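Some notes on the structure that comes next.
Only the coordinates and a few stated rules stand behind these numbers; no lab work does. In this text, all values refer to a predicted model and were calculated from it rather than measured experimentally. Cβ placement follows ideal geometry from the backbone for every residue including glycine, while neighbour counts extend to all protein chains displayed.
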Ligand SMILES: NC(=O)c1ccc[n+]([C@@H]2O[C@H](COP(=O)([O-])OP(=O)(O)OC[C@H]3O[C@@H](n4cnc5c(N)ncnc54)[C@H](OP(=O)(O)O)[C@@H]3O)[C@@H](O)[C@H]2O)c1
């Protein structure tokens with residue numbers, strides 16, 4: 001028997017409780033994993049509280065969009081018992097049972113080997129948030145946004161994706177402007193490498209005009225809505241924004257002018273469906289590009305399975321900085 005956080009839905013009420021299960025309860029899958037850690041993302045918080053329609057599978061359901069663990073058994077030729085593996089997204093914790101469990105059976109198609117240079121704890125400190133931040137940075141690089149082209153702004157900077165994006169970009173030599181609504185996060189963001197801090201309201205009111213003075217060459221946007229519209233209107237010539245979140249809204253009210261008069265690029269980031277070669281590349285880079293002191297700062301706490309529901313409420317209130325790891329075995 002092993003423990004898992006199980007969600008049940010009766011009528012319109014969702015309940016979460018830690019329960020003992022056995023392997024027979026697990027879904028079909030090529031690889032049986034002894035899970036070491038999972039993590040708590042914004043999307044997990046929406047799933048666990050029922051405040052977002054994240055779960056597409058039947059109830060009872062085990063959530064958790066990330067896991068790292070050791071392979072116990074595998075029918076997939078790419079993995080053997082003892083291998084250490086990471087799984088983020090790919091429907092985990094949304095369509096299929098997820099990482100809030102001491103054991104899980106998963107499909108091999110989204111599995112990545114844990115890089116040599118990364119501990120299991122560090123992998124879940126990164127989780128989907130770090131993977132997404134890395135994909136966003138790679139997208140900017142591939143579209144020619146080099147450090148010498150000017151400032152890069154990160155919105156929702158004190159959150160999981162934002163914190164890791166700030167640290168990665170600073171490490172890679174960019175001048176990073178952190179946009180945050182958290183007054184008490186300024187020191188933290190400077191410690192991660194931000195050169196300047198702007199208040200989230202500067203961008204959160206939306207564009208002052210369709211094309212405004214150019215302020216940045218690139219952006220990682222985790223907020224969406226009016227913030228993304230304002231970023232688009234203030235990007236310089238041939239600037240790029242990697243759009244990866246909607247913490248502030250999912251509508252986008254913009255004009256074509258940034259695109260047709262400045263050649264601005266709107267780059268979409270979807271970590272969930274990133275293909276396997278891209279996953280391997282991003283995890284390898286995460287293991288190498290994130291400096292240890294920054295990574296240590298980003299870990300804001302390690303919680304147990306039974307603390308996930310309460311901490312999910314905190315995340316949705318915006319009261320959590322950096323990343324929360326879930327130690328499923330403590
Ligand atoms: N595309 C993908 O594949 C992908 C992957 C992971 C996450 N995401 C999305 O990216 C976003 C961030 O995820 P996360 O895990 O980093 O979440 P998080 O840790 O909760 O961070 C979100 C941050 O956004 C800011 N924020 C929160 N509410 C806001 C509001 N109403 N208006 C403006 N800013 C607000 C806050 O930063 P400050 O206090 O610093 O302002 C907060 O810390 C979420 O929308 C998530 O769904 C997308």
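Over the C-alpha atoms of the chain, the Rg to Rh ratio, Rh being the Kirkwood estimate, stands at 0.98.
Under Stokes-Einstein, with the Kirkwood radius over Cα pairs as Rh, the value for region 1-150 at 4 °C and 1.567 mPa s is 80 µm²/s.
Quick check: the angle from helix 120-142's long axis to the longest principal axis of the chain, C-alpha only, nearest 10 degrees? Helix 120-142 and the main axis of the chain meet at about 40 degrees.
Measure nothing but the geometry: give the 0 to 90° angle between the long axis through the Cα atoms of 276-289 and the longest principal axis through the Cα atoms of the chain, rounded to 10°. Roughly 70 degrees, rounded to the nearest 10. Note on region 249-290: Cα-only Rg and Dmax are 15.5, 39 Å.
For the residues 40, 14, what sequence is obtained by ranking on other C-beta atoms within 10 Å, fewest first?
On the way: 40 31, 14 18.
Starting with the residue having the fewest Cβ neighbours, the order is 14, 40.
Panel values: region 243-330, Kirkwood radius from alpha carbon pairs, Stokes-Einstein at 10 °C and 1.306 mPa s, translational diffusion coefficient 94 µm²/s.
Bridges between two residues of the chain, per DSSP, are antiparallel at a rate of about 55%. Here, region 128-268 is characterised by an Rg to Rh ratio of 0.92, where Rg is the alpha-carbon radius of gyration and Rh the Kirkwood radius.
Let me know the shape class of region 85-197, please: from the alpha-carbon gyration tensor, a ≥ b ≥ c as square roots of the eigenvalues, rounded when a/c is under 1.5, otherwise prolate if a/b is greater than b/c, or oblate. Prolate shape, in that a/c is at least 1.5 and a/b is the bigger ratio. Compared with the dominant Cα axis of the chain, that is its longest principal axis, helix 160-171 is turned about 60°.
Of 43, 284, 53, how do they rank once you tally other Cβ atoms within 10 Å and put the fewest first? Don't skip to the end; give the middle numbers.
Details: 43 22, 284 17, 53 9.
Listed from fewest to most nearby Cβ atoms, that is 53, 284, 43.
In terms of packing, defined here as the mean over residues of other Cβ atoms within 10 angstrom, the peptides 67-75, 88-96 line up highest first as 88-96, 67-75.
How much mean residue ellipticity at 222 nm does the chain get from its helices, if each DSSP H run of length 4 or more adds -39500 (n - 2.57) and you divide by all residues, to the nearest 500 deg cm²/dmol?
Working: 10 runs with 100 residues, N = 330.
One gets -9000 deg cm²/dmol as the mean residue ellipticity at 222 nm.
Sorted ascending by nearby beta carbons within 10 Å, beginning with the fewest, 270, 12 become 12, 270. As a length-normalised measure over Cα pairs under 8 Å and 6 or more apart, the relative contact order of the chain settles at 20 percent.
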